[in-house]
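J.: Just passing along the structure, written as structure tokens.
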Amino acid sequence: MRGILTDCIAEMVDRKVLWIFAVVTVIGILSVVVSRSIEMQFQSEGMDFQQMNEMLGNPLMKGYNSFMYFLVFLSVLATAGLVPNMLARGRVDFYLSKPLSRKALLLNKVFAIWVVYGAIMVLVMLIEFVVGGLVYGMYDSGIVYIILTNLLAFFLWLSVTTFAGVLSGSGAMSMMAAFLVWVLQKILAFHNGIKELIDAPIVEKIIDGLYYIVPKTGEISDLADSLVAGDSVDWMPLYSSLAFAVVLLYVTICLFNRKDY
Amino acid sequence: MTVIDVQDLTKVYRTGMRKGDIVALDSVSLSIGMGEIFGLLGPNGAGKTTLFKVLLGITQATSGEASLFGRPPSDPKSRLQVGYLPENHRFPFHLTGLGLLEFSARMYGMSQSEIDQRSEELLELVGMARWVDTKISKYSKGMGQRIGLAQAMISDPDVLLLDEPTDGVDPVGKIEIRKVLERIRSDGKSIVLNSHLLSEVESMADRVAILSKGRIIKISSVEDLTSRKSQYDIEADMGSRLIEIPPEIGKVVVVTARGMTVELTKRDNVNYVIDHLRMKKISIYSVTPVKVSLEQSFIETITEDAESQP
């Protein structure tokens with residue numbers, strides 16, 4: 001990794017991002033404790049935890065999944081500016097004058113961000129999982145699915161922010177690009193409904209095309225819920241989103257190779 | 001051995017505006033040998049930094065060839081033996097001085113023991129040993145230049161490309177940096193120096209190239225640039241005697257009781273003047289070519305070039 005991983009850790013520590021994750025961890029722990037007290041109220045009314053869990057469709061695991069989704073959101077915000085920061089005027093010369101190809105530099109940087117922030121997310125998630133386990137006495141191995149799918153979702157977001165960062169050289173633009181993709185995927189999640197409203201075959205094809213192209217992190221999160229619940233799973237959102245990320249990273253490398261600084 | 005070779009190099013920045021394209025380098029050719037200290041001079045926007053950037057692959061040439069150690073800039077291995085101090089650098093602020101050196105060294109693939117040894121040596125050399133654990137964001141401009149020089153030297157490169165190395169450094173620091181560079185030269189390494197401080201270049205460089213509007217308008221040794229080959233100062237007991245020289249030999253520029261300055265049509269004519277003075281029983285103590293500063297020569301060259309442009 002030629003020091004890029006260590007550099008990424010130093011940058012994260014310097015940006016005091018760890019404090020944000022620490023605060024979120026505390027909030028998460030408090031939420032578990034508060035939910036336990038609510039559950040105890042239900043218990044006093046004659047319902048036990050297992051009953052309630054089955055009735056609500058495993059809310060604890062769904063809560064973990066939502067919490068991890070939120071951690072991904074936080075990480076996207078925290079990392080959107082890292083690639084543009086590396087490419088900033090006066091700094092990019094330092095990186096590019098070293099005996100490292102641009103492809104290796106960019107891939108190492110993206111991988112380092114994914115590993116470092118991914119590790120923090122996993123750590124926070126495991127703390128919540130242990131606390132949840134201590135409070136509710138429930139340790140579901142489905143947490144592995146939640147962690148893996150959300151780490152993949154983070155990789156998808158990284159491909160988007162890296163592309164926008166290389167293209168524009170701006171952290172703000174990277175964040176806006178991620179937000180736009182998020183909005184687009186939320187709209188396209190209702191692609192079938194939209195197609196029913198619009199009676200034009202070409203538009204329908206365009207909507208279908210967009211749906212398959214645009215990454216589907218929301219649906220990947222739902223996929224984790226299905227895996228935890230043991231339901232049948234449609235892997236298409238995961239495969240198509242991963243293909244999107246790989247192609248986008250390839251395009252980003254081509255773009256980066258051609259850019260003058 | 002040629003370490004840097006540039007042939008017919010052109011770099012045009014496409015602006016996409018009505019103003020038209022910007023020609024940063026226009027058919028530049030030069031080669032720099034091992035152990036040579038080479039100065040790049042030119043007004044702002046002459047293309048000096050662009051030349052560095054093209055050599056390092058930071059910017060891509062529009063046409064022409066450039067190579068470092070025989071390898072094209074697109075090959076990362078071409079930068080293995082090169083250290084670079086950029087102008088107006090903004091090294092990663094989250095790093096300390098030592099952290100920057102370690103990070104640079106790792107990017108060159110150095111081992112931890114090499115890094116430890118080299119960092120300690122360099123921090124001492126550039127006078128930054130006291131500030132190793134201070135964040136770069138807290139450094140003054142001069143401290144930034146010193147640590148920048150250290151990071152450029154971390155891999156013990158054979159070639160150093162230094163863009164304004166003494167910019168913002170105090171006079172004492174400038175002398176120290178000059179000593180460091182002289183030490184590098186004594187190790188047989190090459191330095192390409194881009195500096196507005198012409199006295200600095202004059203005192204260190206073997207050869208210089210003067211760039212203007214992306215073109216090399218003169219490339220020569222510092223010795224040749226700073227000597228007026230046609231003019232000589234002759235220290236002699238002139239007294240009140242007047243001397244005349246035939247026009248085909250040259251002319252007397254100025255005469256005083258203690259000597260004279262002559263401007264000759266060719267170099268060998270200096271012998272005629274000496275013989276002429278000796279025939280008149282005038283004692284001669286010294287004959288020296290008239291020297292000008294590099295700054296004066298630079299300004300003259302730039303002015304001549306500007307006047308010759310349509």
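J.: Anything in segment A:237-261 that is in contact with a helix residue (DSSP H, G or I) (Cβ under 6 Å, 6 or more places away or on another chain) and either outside any helix (DSSP H, G or I) or surrounded by fewer than 16 Cβ atoms within 10 Å (Cβ to Cβ) (or both)? List them, or say none.
T.: Residues satisfying the conditions are A:L255, A:N257, A:Y261.
J.: Let me ask something additional. Of the numbered conditions (1) at pLDDT below 95; (2) within 30 Å of A:N257 (Cβ to Cβ), A:L96 satisfies every one except a single condition; which is it?
T.: (1)
Results for (1) under 30 Å from B:L9 (Cα atoms); (2) in contact with a Gly (Cβ under 9 Å, 6 or more places away or on another chain), shown as yes or no for each residue.
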position: B:M107; (1), (2): yes, yes
position: B:M110; (1), (2): no, no
position: B:V132; (1), (2): no, yes
position: B:Y139; (1), (2): no, yes
position: B:G148; (1), (2): yes, no
position: B:V169; (1), (2): no, yes
position: B:L181; (1), (2): yes, no
position: B:S186; (1), (2): no, no
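J.: From the list B:A61, B:A24, B:A66, pick out the single residue that is in contact with a Pro (Cβ under 9 Å, 6 or more places away or on another chain), assigned to a strand (DSSP E or B) and at negative phi. Spell out how you get there, then give the answer.
T.: Values: B:A61 fails: assigned to a strand (DSSP E or B); B:A24 fails: in contact with a Pro (Cβ under 9 Å, 6 or more places away or on another chain).
Checking each option against the conditions leaves just B:A66.
J.: Among the residues of segment A:92-149 satisfying the criterion of being under 30 Å from A:S31 (Cα atoms), part of a helix (DSSP H, G or I) and of a type in the set (G, A, S), which is farthest from the other protein chains (Cβ to nearest Cβ)? First the steps, then the outcome.
T.: So in segment A:92-149, the residues under 30 Å from A:S31 (Cα atoms) come out as A:113-149.
Of the ones still in play, those that are also part of a helix (DSSP H, G or I) are A:113-136, A:143-149.
Of the ones still in play, those that are also of a type in the set (G, A, S) are A:118-119, A:132-133.
Working: A:G118: 20, A:A119: 18, A:G132: 34, A:G133: 36 Å.
Ranking the candidates gives A:G133 first.
J.: Within the set of pairs 6 or more residues apart or between chains, which connect a residue that is assigned to a loop (DSSP other than H, G, I, E, B) inside segment B:272-295 to a residue that is acidic (D, E) with Cβ atoms less than 7 Å apart?
T.: Listed pairs, sorted by first residue: B:I282/B:D237; B:S283/B:D237; B:S293/B:E202.
J.: Here is a follow-up. Out of the residues in segment B:207-221 that are in a strand (DSSP E or B) and of a type in the set (G, A, S), state the one that is farthest from B:I32 (Cα to Cα).
T.: So the first thing to find is which residues in segment B:207-221 are in a strand (DSSP E or B), and the list is B:207-212, B:215-221.
Of the ones still in play, those that are also of a type in the set (G, A, S) are B:209, B:212, B:220-221.
Details: B:A209: 11, B:S212: 19, B:S220: 12, B:S221: 12 Å.
Per the criteria, the residue is B:S212.
J.: Go through segment A:188-211 and give me each residue that's touching a residue at least 24 places away in the same chain (Cβ under 8 Å) and touching a Phe, Trp or Tyr at 6+ places or on another chain (Cβ under 9 Å). Even if it seems obvious, please write down each step before you answer.
T.: Filtering segment A:188-211 for residues touching a residue at least 24 places away in the same chain (Cβ under 8 Å) gives A:188-189, A:210.
Residues satisfying the conditions are A:L188, A:A189.
J.: Being hydroxyl-bearing (S, T, Y) and facing chain A (nearest Cβ under 10 Å) is the filter here; which residues of segment B:63-79 pass it?
T.: Hits for segment B:63-79 are B:S74, B:S78.
J.: So, of the residues in segment B:57-92 that are among the hydrophobic types (A, V, I, L, M, F, W, C) and out of contact with any strand residue (DSSP E or B) (no Cβ under 7 Å at 6 or more places or on another chain), which turns out to be surrounded by the fewest Cβ atoms within 10 Å (Cβ to Cβ)?
T.: Step one: filter segment B:57-92 for residues among the hydrophobic types (A, V, I, L, M, F, W, C), giving B:58, B:61, B:66, B:68-69, B:80, B:82, B:85, B:91.
With out of contact with any strand residue (DSSP E or B) (no Cβ under 7 Å at 6 or more places or on another chain) added as a condition, the list becomes B:58, B:80, B:91.
Values: B:I58: 23, B:L80: 17, B:F91: 23.
For segment B:57-92, the residue satisfying everything is B:L80.
J.: Would it be correct to say that A:D234 is surrounded by 14 or more Cβ atoms within 10 Å (Cβ to Cβ) and of a type in the set (D, E)?
T.: Values: surrounded by 14 or more Cβ atoms within 10 Å (Cβ to Cβ): no; of a type in the set (D, E): yes.
So A:D234 fails the test.
J.: Only one of B:L25, B:L41 is modelled with pLDDT of 95 or more, more than 30 Å from A:R15 (Cα to Cα) and surrounded by 22 or more Cβ atoms within 10 Å (Cβ to Cβ); which?
T.: Values: B:L41 fails: modelled with pLDDT of 95 or more.
Checking each option against the conditions leaves just B:L25.
J.: Still on this model: For residues that are part of a strand (DSSP E or B) and facing another protein chain (nearest Cβ under 7 Å), tally how many sit in segment B:80-106.
T.: Going residue by residue through segment B:80-106, those that are part of a strand (DSSP E or B) are B:82-85, B:96.
Within this subset, residues satisfying the condition of being facing another protein chain (nearest Cβ under 7 Å) are B:84.
Residues that pass the stated criteria total 1.
J.: Only one of (1) touching an Asp or Glu at 6+ places or on another chain (Cβ under 9 Å); (2) free of Cβ contacts under 8 Å to residues at least 12 places away in the same chain fails for A:Y136. Which number is that?
T.: The failed condition is (2).
J.: Of the numbered conditions (1) among the hydrophobic types (A, V, I, L, M, F, W, C); (2) closer than 21 Å to A:V181 by Cα; (3) buried (at least 17 other Cβ atoms within 10 Å of the Cβ), A:V228 fails exactly one; give the number of that condition.
T.: Every condition holds for A:V228 apart from (2).
J.: Report the residue count in segment B:21-62 for those that are farther than 27 Å from B:T226 by Cβ and of a type in the set (V, I, T).
T.: 6
J.: Moving on. Which one of these is more than 18 Å from A:Y69 (Cα to Cα), exposed (fewer than 15 other Cβ atoms within 10 Å of the Cβ) and either touching a strand residue (DSSP E or B) at 6+ places or on another chain (Cβ under 8 Å) or basic (K, R) (or both): A:K195, A:K205?
T.: Working: A:K195 fails: exposed (fewer than 15 other Cβ atoms within 10 Å of the Cβ).
Step by step, each of A:K195, A:K205 is checked, and only A:K205 is more than 18 Å from A:Y69 (Cα to Cα), exposed (fewer than 15 other Cβ atoms within 10 Å of the Cβ) and either touching a strand residue (DSSP E or B) at 6+ places or on another chain (Cβ under 8 Å) or basic (K, R) (or both).
The values are calculated or read from the model by the stated rules, or taken from the named source; none is laboratory data. Everything numeric in this text was worked out from a predicted model, so none of it was measured. Note that each Cβ is placed from the backbone with ideal geometry, even for glycine, and that neighbours are counted across all protein chains shown.
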